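A short worksheet on the structure shown next.
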Amino acid sequence: MSKLLNIYYSPVPEINRFDWEQIVQSLITYGEEVWMKSGSNISAKIVDDERKHVSSCLNELIEERIIKTWSFETDKSKSTNNRVISKEEHIELYNNINSSISYQSGVNNNLLQGKNIDKVTRFIEMRQELWNIGLASLCGANSIVYGKSNSDFVKSNRFYRYDELSKSFTETLFKKFNVPSLSGLSAADILELRLEAVKYRKKIDVFIEKLATNNSEFLDEAIISKCNEIYDEYLNQVYNLVIEKTRSNVVNNTIKDVTINTVGIFMPIAGFLSIADNLFDYFENKENIGFIFYMIMLLKKTSNI
């Protein structure tokens, strides 16, 4: 069965384009919902029109309850949040983290006084990770996605978790398919893509689950190799489907001007994407080519065609 994740987005001071891309990517692929800290502001570094778009889209997705917000009981704005963490829960989490770190790391005065920089750094990193895990658990989330401000921490520790692997694999695959920025997708686009996302997950789930049990030092190479394989398979399937359907009088007049170029995705891409929805109606065994349909829809929406 395709695996859905309830995602906790590690708090960031403000949402920049990178953060919004991560959130949207999660929602249109493997995320059932995303938990965010209440009161996150949109970065002033994002241009006005785009900032308005992100703000509007964020509010719509919160209304749809696929983005959920949390806060501490001591925060000023908490009445509309989906989860309010009580003072007691906050204190209990804080104490549990301190106890866990002290036990596992053998924390002593020398470490805390900074006489061993490596240990101090590890102490801070461990606290940060346990804090995120604890807050995610309190929100009912089963995975964590990290913002720009703390993504370097994840890279340095190489967590081999299903959620982090799914994120890494999706980024690599979307890059291979030349998927443009996701930040321009509307709330309606995101909701529509989510309805088809199961087709995407079915394609990658088996591979991700295998990777999650294999802490190989060649993980990045394995992801790239699999993405290349999926891309080549996609091109061949699309090519064969189009050739097959051009022989049919039903769609011949619709597709006769489309040229397939196996070096890229389509040539011209606009010609194919503009008729993709109509073509899909004529394909048999739609479940077998669901991934193709999902990627066509994604490319169509992100390319503004």
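So for the range 161-169 (the condition being of a type outside the set (Lys, Arg), modelled with pLDDT of 90 or more, under 14 Å from the mean Cα position of the chain (by Cα) and closer than 26 Å to Thr302 by Cα), does at least one residue qualify? Break it down into steps so the answer makes sense when it comes.
Here is the first cut: in the range 161-169, the ones of a type outside the set (Lys, Arg) are 162-166, 168-169.
Filter again for modelled with pLDDT of 90 or more, leaving 169.
Okay, now just the ones that are also under 14 Å from the mean Cα position of the chain (by Cα), so 169.
Okay, now just the ones that are also closer than 26 Å to Thr302 by Cα, so 169.
Looking through the range 161-169, at least one residue is of a type outside the set (Lys, Arg), modelled with pLDDT of 90 or more, under 14 Å from the mean Cα position of the chain (by Cα) and closer than 26 Å to Thr302 by Cα.
Name the residues in the range 137-156 that are modelled with pLDDT of 60 or more and over 17 Å from the mean Cα position of the chain (by Cα), would you? Before you say what the answer is, go through the steps one by one.
First pass over the range 137-156, keeping only residues modelled with pLDDT of 60 or more: 137-147.
Across the range 137-156, the qualifying residues are Ser137, Leu138, Cys139, Gly140.
Which residues, counting only those in the range 216-239, are open to solvent by 90 Å² or more (accessible area, probe 1.4 Å), of a type outside the set (Ser, Thr, Tyr) and modelled with pLDDT under 75?
Residue satisfying the conditions is Glu217 alone.
Quickly run through the range 188-207 and pick out the residues that are free of Cβ contacts under 8 Å to residues at least 60 places away in the same chain, within 16 Å of the chain's Cα centre (by Cα) and under 20 Å from Tyr234 (Cα atoms).
Going residue by residue through the range 188-207, those that are free of Cβ contacts under 8 Å to residues at least 60 places away in the same chain are 188, 195, 204, 206-207.
The next check asks that each one be within 16 Å of the chain's Cα centre (by Cα); those that pass are 195, 204.
Ile204, the sole residue that qualifies.
The values are calculated or read from the model by the stated rules, or taken from the named source; none is laboratory data. Here the structure is a predicted model, which means the values were calculated and not measured. Neighbour counts are summed over all protein chains in view; Cβ atoms, including those assigned to glycine, are modelled from backbone coordinates with ideal geometry. Note: areas computed on protein heavy atoms with side chains; ligands, DNA, RNA excluded. Shrake-Rupley method; radii C 1.70, N 1.55, O 1.52, S 1.80 Å.
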